[in-house]
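Working notes, beginning with the structure itself.
Derivation of every value follows stated rules applied to the coordinates shown; laboratory data play no part. Everything numeric in this text was worked out from a predicted model, so none of it was measured. Cβ sites come from the backbone with ideal geometry, for glycine too, and all protein chains shown count toward neighbours.
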Amino acid sequence: MKPQILVFCLLSFYSWSTSLNSYSQAGYINLPSAENLKEATVAYSFSRNEPDRKFMITASPFDWLDATIFYADITGQPYGSGFKQSLKDKGFNIKFSNRVDLPFADYIALGLNDFAGTGIYSGEYIVGTKWIDGYEFSLGIGWGNLNNSNNFKNPFGKIDDSFYKRPSFMRGNGGRLDFNKYFSGEGASVFFAGSKEVSKNTKIIFEYDTTRRDGRI
């Protein structure tokens, strides 16, 4: 499936202006921004989509770190082992952010989705965010599950050829770190997104989504 450009209006019920994406991270619809939640914030998120439903908890112990644990119910996929129910999954997301003073970015972040789970949602990214006249813009590079368009060859492959190979299997039953997977794969994708608050409780969000929708999800 080709990447999509999505536009919708989000009615915000949060006491802060930062919106949460489908990974319970500061961001847009599916894509992340380089912003983090404020220190000592704890956010609870629920999403009901097709084909998955998630419950997520995100904690921000520092301004530069967000950590998320999620549980997912994936419809259309059997649980296995003789159980008559849909597949269940859990995983962890993490994002590190740093404020910078650059012409093209106010924040730069590095993040890993599902980095120690079964890998169903596994993806890594580097993203920068800039505010211009009340508009928020983000531009980033995605690997793994965030690489659906293969805009260019994986730049880390120039450091070591092993980065061109991304394991398609998970280690054990999940729950383990797999350093051979992070920021790896034949290619990487460029994504972009943005938002604009039009009133206190209304925000317009748009994104060019490079999330893969084939395979297990």
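Data overview
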{"read-out": "Tensor-based shape of segment 60-120 (alpha-carbon gyration tensor, a/c under 1.5 rounded, otherwise prolate or oblate)", "value": "prolate"}
{"read-out": "For segment 95-101, Karplus couplings with θ = phi - 60° (6.51, -1.76, 1.60), whole Hz, Gly/Pro x", "value": "9, 10, 10, 9, 6, 10, 10"}
{"read-out": "The chain: most fluctuating residue of Ser168, Ser122, Ser149 per GNM, C-alpha cutoff 10 Å", "value": "Ser168"}
{"read-out": "Two-decimal Rg to Rh for the chain - Kirkwood Rh, Cα set", "value": "0.96"}
{"read-out": "Segments 30-36, 108-114 sorted - mean Cβ within 10 Å per residue, highest first", "value": "30-36, 108-114"}
{"read-out": "Thr41-Leu177 FRET efficiency (beta carbon distance; Förster radius 22 Å; 0.05 resolution)", "value": "0.30"}
{"read-out": "Table column - 3J(HN,Hα) (Hz), segment 107-115, Karplus curve with 6.51, -1.76, 1.60, x for Gly and Pro", "value": "9, 10, 9, 10, x, 10, 9, 6, 7"}
{"read-out": "Where labels lie 7 Å past Cα in the beta-carbon direction, separation of Ile69 and Asp161 in nm", "value": "4.2"}
{"read-out": "HN-Hα J in Hz across segment 34-47 - Karplus 6.51, -1.76, 1.60, θ = phi - 60°, x for Gly and Pro", "value": "8, 7, 10, 6, 5, 3, 6, 7, 10, 10, 10, 10, 10, 9"}
{"read-out": "Proximal lysines to Lys90, defined as alpha-carbon separation beneath 28 angstrom and excluding residues fewer than eight positions away on the same chain", "value": "Lys2, Lys38, Lys54, Lys165, Lys181"}
{"read-out": "FRET efficiency, Arg213 to Asp101 (Cβ-Cβ, R0 30 Å, nearest 0.05)", "value": "0.20"}
{"read-out": "Stretchable slack from Ile204 to Tyr79, in nm (0.36 nm times residue separation minus alpha-carbon distance)", "value": "41.3 nm"}
{"read-out": "Estimated translational D of segment 98-206 in µm²/s (Stokes, Kirkwood radius over Cα pairs; 25 °C; 0.890 mPa s)", "value": "160"}
